[in-house]
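Structure, as C-alpha cells:
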Amino acid sequence: MTSEMITADAAGVWNLGELPVNRVGFGAMRLTGSAAFHLGAPSDREQSIAVLRKAVELGVNHIDTAAFYFSSLRSANELINSALGPYSDDLVIVTKVGPHRDQHGEWGTPARPDQLRGQVEENLRQLGRDHLDVVNLRRTGRQESIAEHFGALAELRDAGLVRHLGISGVGPHQLAEALEIAPVVCVQNRFAVDRPGPVGDEMLRICGERGIAFVPFYAVAGSSGPRGATSDHDEAVLAVAGDHGVSPAQVRIAWTLHQGPHVLAIPGTGNPGHLVENVAAGALRLTADELKRLDDSRNG
C-alpha cells in the first residue's frame, strides 16, 4: 500500500446533515504540542500549519477541534484559521462546547446553559467564521441530563450561529433526550479496538440504526488518551499489521472504519508522515477472519 497516493475519500463518504465528509477526517488536538492539555512545550507552529494544509491536500474535509484545545503558545483553532482561512466551501469544521479551561490551562467548572453562547462565540472568533458547521455538546462528569444545555444550543442553531448539532460522551438516555429537542448529526464517544464496553457498542448500533454519524475519539491513542498514540498493542493488532505491512495505528483506524458506514475516524497528529499513514488507513481492507480475530481479542 503506497500511502502517499491514497486520499481521504478511499473509505467513502458520510453526511453530517447535508454536509458530505470523507470518512477519514482529522483531529486537531495534537497540533498544539506533545502535551495538549498541559502547558508544556509548544508544537512547531510552521509544522502544524503544514500538517493542516497537507491534510486538506489529501482530501480531508472534516476537522474536529475545540477552543479548549490549547497548550503553551498554541491554539488549535488559531492554527486552523491561519492555515486554512479563508475556508473552502466543502471544508466542515466540527467543534465542541461544555468543558472549560482557564488561561492557565486548568480545568474549571463546565459551562452552564447560559454560558454556551459565549463558548460558541469564542470558537467563532478563533476560527474566523460567522457560523459553525457542527457543534458537539460534550457531556461532562456525571451529568445525567443534557436537555437544558442541548436546548440552549438548539436556540443558537435557530439563531444561525450553528448549522448542526452533535453530542459527545453520552449514552442512550442522553441521545434520546437530545433527539426530543433537535436533530443530532453525530455522536462523538471514546471507542477503540482495545476499549470494549457495552455503552460504546450500544451507541455504535443505535447511531447506525438512526443514520447518525458515530465518531470515536482516542481510537488510535487507546489507553494513552490525550498523551497520544499508544505503543501498547495486543497481539492481534500486531499480527494483522504485520500481515498487511502497515503500522498498528493503521490497523486501529481501519478496524474503526469497518464498524459501519456511519463511523467516521478523526485521528490526530502533528507529524506529516503519520498524517499520510492515517489517511492511507482508509484504504486498508480487513478480511472477515481478521476482523473476527480483532473482535475476539477485544472481547476476550
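The values are calculated or read from the model by the stated rules, or taken from the named source; none is laboratory data. Only a predicted model underlies this, so the values are computations on that prediction, with no experimental measurement involved. Cβ coordinates were reconstructed from backbone atoms using ideal geometry, including for glycine residues, and neighbour counts include every protein chain displayed.
If you go through the range 100-113 one residue at a time, do you hit one that is in contact with a helix residue (DSSP H, G or I) (Cβ under 7 Å, 6 or more places away or on another chain) and within 18 Å of Gln188 (Cα to Cα)? Looking through the range 100-113, none of the residues is in contact with a helix residue (DSSP H, G or I) (Cβ under 7 Å, 6 or more places away or on another chain) and within 18 Å of Gln188 (Cα to Cα). Taken over the range 266-300, the criterion of being under 17 Å from Asp201 (Cβ atoms), touching a residue at least 40 places away in the same chain (Cβ under 8 Å) and not hydroxyl-bearing (Ser, Thr, Tyr) is satisfied by Leu294, Asp296, Arg298, Asn299. Taking the criterion of being of a type in the set (Val, Ile, Thr) and out of contact with any helix residue (DSSP H, G or I) (no Cβ under 9 Å at 6 or more places or on another chain), the residues of the range 114-145 that qualify are Val134, Thr140.
Listed here are the residues, each with its yes/no results for (1) under 18 Å from Gly59 (Cα atoms); (2) among the hydrophobic types (A, V, I, L, M, F, W, C); (3) touching a helix residue (DSSP H, G or I) at 6+ places or on another chain (Cβ under 6 Å).
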position: Ala236; (1), (2), (3): no, yes, yes
position: Val240; (1), (2), (3): no, yes, yes
position: Gly245; (1), (2), (3): no, no, no
position: Val251; (1), (2), (3): no, yes, yes
position: Pro272; (1), (2), (3): yes, no, yes
position: Leu291; (1), (2), (3): no, yes, no
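Within the range 192-208, the set of residues being of a type in the set (A, V, I, L, M, F, W, C) and modelled with pLDDT under 95 comprises Ala192, Val193, Val199.
Per the conditions (1) of a type outside the set (Phe, Trp, Tyr); (2) surrounded by fewer than 24 Cβ atoms within 10 Å (Cβ to Cβ); (3) under 17 Å from Arg195 (Cβ atoms), the sole criterion not satisfied by Ala254 is (2). Could you please let me know if Arg252 is of a type in the set (Lys, Arg) and either in a loop (DSSP other than H, G, I, E, B) or at pLDDT below 95 (or both)? The answer is no for Arg252.
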